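Please read the structure below before turning to the comments.
Read-outs throughout are calculated quantities, based only on the coordinates presented, and are distinct from any laboratory measurement. Given the structure is predicted, the values throughout are model-derived calculations rather than measurements. Note that each Cβ is placed from the backbone with ideal geometry, even for glycine, and that neighbours are counted across all protein chains shown.
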Amino acid sequence: MTKVPSVIHWFRLDLRIHDNLALRNAINEAENRKHHLRPVYFIEPDIKHKVGVNRLRFLVQSLQDLDANLKKLNIRLYIIRGNAVEELPKLFDKWQVKYLTSQVDIDPIYVKQDEVIDDIAEKKDIFIVRRVQHTVYDVHSVLKKNNNSVPMTYQKFLSLVQDVQVKDCIEITKQISDHCNPKDKDSKQYDVPSLNDLELDESALEPLKYPGGETEGLRRLNMYMARRQWVCKFEKPNSSPNSLEPSTTVLSPYISHGCLSAKLFYHKLKEALNGMPHSEPPVSLLGQLMWREFYYTAGAGTENFDKMVGNSVCTQIPWGTNEEHLKAWAEGRTGYPFVDAIMRQLKQEGWIHHLARHMVACFLTRGDLWISWEQGAKVFEDYLLDYDWSLNAGNWMWLSASAFFYKFFRVYSPVAFGKKTDKEGLYIKKYVPELKKYPTAFIYEPWKAPKSVQAAAGCIIGQDYPKRIVDHDKVHKDNLQKMSAAYKLNKERKALKRPLT
Ligand code: FAD
């Protein structure tokens, strides 16, 4: 008896059934040709050393949910332990693969994987289909429209996409025929691993505040879209970085993992705004989604987008190194309660508000510590549930005034900024409990509290909570001068490179 050939859908950053055109292509191909359908996801054995613990938990939950949703369509998910580039070619032979689908991802890890797999597939006569479905627009078409150069401003980006018709989302609702299921359909070998299988002790962990999965992503989206007035009035600068419950949607972890389609979010927003007075980009909710498209376009069009050197859009700044300061920042021990509260929330919950990200990113780089944005981006990569290659790098460049934003003289104060939206410091008291008995007058500047007040609050500065690692009032002025000098030097270098006319 001849072996039945297979069709593979390769899940990466598209952990969903809804609006997954590449998956639908795979289903149709399997049905039409009576082939087996095997949707796969690769987990590297050392993943726990590569992905922060909260993001790994989010990923495992998303895979469990994906498998459950696939099962409703009479399909299962095949988890393959190993590296995609090594394992896929083995599966090509083992399963007699004829057709492979996946989504277009611009993160260089996936781009490199695609290049290797394309070569192998061509030799084996395997047909590959890739679909743009992680962004609203096809960012490569946007670049083409801009003569293959990166639009350096948000407004320019908007002008490039204003006439582009966004396609409708697609749905997959019909169960697949039994003949598309291989005999190994029920093999435990391919099950989604538990955290214990990945050598993480689940019992020692608090439940995730934002659990992973398509089901939760869609629930969250629908919950916010039902609040039509809120959506229409949304203005990012008016949302609070230090409210005790999030003042923005927290859809980012779901969009980043592809549990939620950015295109579905786009269409739902358009529906909610239709016929109502509403805020506009860049501050509106639709405007936020467009920031994502902007950074994706910039990331797709720039070599070494996540590095300073060799990155054509990034200003070269002679950042310093200071391991102790970097560690104190990452662990929330800078002695500035607002900064520390944000970093501790990030580490515990995996998500912080956009303006909180502004605060800590500015503090690490041009504001206070004069440490490279690349170092900060690595810490964020470890802690963020919503880590995304292009958004992380693009926003870090913005905050460090290395690209897209150049008003480096506008520095966030680690004392005054948080007070605007939380005078009493309730957010600080939640995430820096050492200070919970501090009087409001000293909650942002505990080093100013007299010794008697410190003792009465049960927290002596320098003993129970760190002294400030730098004096903001002094260092930010020194840093302004360094930024000014770096900008001047970059300008001179650029002028020298300009061809003589
Ligand atoms: P909402 O305000 O509800 O916005 C809705 C969606 O729009 C978000 O889910 C997100 O997909 C998109 N969005 C919002 N703001 C931005 C923005 N500034 N840039 C790009 N897309 C945006 N976002 C990530 O998803 N992954 C990252 O790795 C990431 N790293 C960042 C690093 C720094 C230093 C900074 C300053 C920002 C970073 N952001 C990142 C952008 C932004 O902070 C988050 O997308 C946003 O806070 C997520 O919360 P939300 O879903 O409630 O956003």
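Report, in whole Å, the centroid distance computed from the Cα atoms of region 255-274 and region 398-420.
Centre-to-centre distance over Cα atoms comes out at 29 Å.
Hey, quick one: spin label on ILE460, modelled 7 Å out along Cα-Cβ, who in region 420-443 has an amide N within reach, i.e. under 19 Å?
434-439
At 0.36 nm per residue, and after removing the present C-alpha to C-alpha distance, how many nm does the segment from VAL453 to ARG33 gain when stretched out fully?
Residue separation times 0.36 nm, minus the Cα-Cα distance, leaves 143.5 nm.
If I take every Cα pair under 8 Å that is 6 or more residues apart in region 1-95, average their sequence separation and divide by the length, what percent do I get for the relative contact order?
32 percent
Using the Karplus equation 6.51 cos²θ - 1.76 cosθ + 1.60 (θ = phi - 60°), what ³J(HN,Hα) coupling, rounded to whole Hz, does each residue of region 31-37 give in order, writing x for Gly and Pro?
5, 5, 9, 6, 9, 7, 10
Quick one: which residues, 5+ away or cross-chain, put their amide H under 5 Å from the amide H of THR101? H built at 1.01 Å from N.
ILE8, HIS9, TRP10, VAL129
Assuming 0.36 nm per residue, please report the length gained on full extension of the stretch ALA68 to LYS185 beyond their Cα-Cα distance.
In short, 40.7 nm is gained.
Using Cα pairs closer than 8 Å and at least 6 residues apart in sequence, work out the relative contact order for region 364-472, in percent.
19 percent
Please identify the longest segment of the chain free of exposed GluC sites (Glu not before Pro), where exposed means a DSSP state other than H, G, I, E or B and no more than 16 other Cβ atoms within 10 Å.
1-170
For LYS209, put the label point 7 Å out on the Cα→Cβ axis and report which residues of region 413-430 keep their amide N under 13 Å from it.
So the set is 427-430.
Going highest first, how would you order 218-226, 128-136 by mean Cβ packing within 10 Å?
In descending order of packing, they fall as 128-136, 218-226.
Calculate the spin-label point distance for GLN481 paired with LYS233, positioning each point 7 Å from the Cα along the beta-carbon direction, and give it in nanometres.
Between LYS233 and GLN481, the simple spin-label model gives 4.7 nm.
Report the residues of region 345-387 in range of a label on VAL309: point 7 Å along Cα→C-beta, backbone N strictly under 15 Å from it.
Zone members listed by number: 372-375.
Need one number: nm distance between label points at GLU323 and ASP201, each 7 Å from Cα along Cα→Cβ, rounded to one decimal.
2.7 nm
Which order, highest average first, do 391-397, 272-278, 247-253 follow once you tally other Cβ atoms within 10 Å for each residue and take the mean per peptide?
Ranked from most to least packed, the peptides come out as 391-397, 247-253, 272-278.
Counting only other residues whose beta carbon sits under 12 Å from that of PRO439, what net charge do I get with K and R as +1, D and E as -1?
Neighbourhood net charge equals +2.
Of the cross-linked pairs LYS419/LYS477; LYS307/LYS448; LYS156/LYS270; LYS188/LYS327, which ones have a Cα-Cα span greater than 32 Å in the structure shown?
In this structure, LYS307/LYS448; LYS188/LYS327 exceed 32 Å between Cα atoms.
Add -39500 (n - 2.57) for each DSSP H run of 4 or more in the chain, then divide by its residues: what number comes out at 222 nm, to the nearest 500 deg cm²/dmol?
The helix-only estimate for the chain comes to -13500 deg cm²/dmol at 222 nm.
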